[in-house]
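The values are calculated or read from the model by the stated rules, or taken from the named source; none is laboratory data. Owing to the predicted nature of the structure, the values given are computational and were not obtained by experimental measurement. Cβ sites come from the backbone with ideal geometry, for glycine too, and all protein chains shown count toward neighbours. Heavy atoms of the whole protein, side chains included, go into the accessibility calculation; ligands, DNA and RNA do not. Shrake-Rupley method; radii C 1.70, N 1.55, O 1.52, S 1.80 Å.
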Amino acid sequence: MYARVSIRSAGLLVLALTPASGFAQAASMPPAAYSVGATYDSARSRLVVFGGFLGGRYVGDTWEWDGATWTKSAQPAPSARNSPALVYDAKRGRVLMFGGDARPTGDLGDTWERVGDRWRELTVAGPAPRTTHVMSYDSRRDRVVLFGGIANGAGLGDTWEFDGNGWLRVATDGPSPRGLYAMTYDAARGRITDVHWTPAGAEQRFAFAVLSRV
């Protein structure tokens, strides 16, 4: 069994699962799923969490944390999925979500936005279906940047940008194909940086790559 621990420090919410014997999941908090998508909606001061995988099933719930209370949204939501990418678009004041995976459907390639507490699917062409990818918001250029992921079990190495109207493929010569990594925007330097685990013989190392165009 697992207990969920929430730690708030300097405005940062950290969620973790820790072993606990006889722990009963409270009804007023999300289930202990993994591979969820999450981002912070700064306009509404809410952490938004969607999807994941739990007990052999895909999750399609939307939860919000306001710093004191978890609330499960009763509004219609995207289909249940594992490993979607969520990011907050500060210029447009909305959460953007792309992709993920669910069986037997497979990898997903749909784009959704969350305005306030409502999800809306965007009918725009964009990246190929994928999972375990990451998105980050480039505040200097007002673009959501998506890189990599996994499709049909193979790593992807393409870079896409979303400007609020549509997706544009901007690069194929960036870092090597990968999924299951971290990426964030460095506002001081105007760069997006990713960090990933790379096996190197018996060693394990982290590598960094600049993704954002200048």
Pairwise label distance in nanometres, residue 90 with residue 45, each label 7 Å out on the Cα-Cβ vector: 1.8 nm
Where the stretch 119-160 is the region considered: accessible area per residue in Å², 1.4 Å probe: 40 Å²
Rounded FRET efficiency, nearest 0.05, which uses the C-beta distance separating residue 182 from residue 66 and R0 of 35 Å: 0.90
Computed label-point distance, nm, for sites residue 140 and residue 29 using a 7 Å Cα→Cβ extension: 3.9 nm
Ratio of the Cα radius of gyration of the stretch 82-159 to 2.2 N^0.38 Å, where N counts its residues: 1.08
For the stretch 28-167, the Rg and Dmax computed from alpha carbons only, in angstrom: 14.2, 41
Per-selection Rg to Rh, the stretch 34-91 - Cα, Kirkwood hydrodynamic radius: 0.97
Percent accessible area from carbon and sulfur atoms, the stretch 60-205, protein chains only, probe 1.4 Å: 49 percent
Cα-based Rg of the stretch 117-180 normalised by 2.2 N^0.38 Å, two decimals: 1.14
Note, ³J(HN,Hα) from phi for the stretch 169-176, Karplus 6.51, -1.76, 1.60, rounded to Hz, x at Gly and Pro: 6, 10, 7, 10, 10, x, x, 5
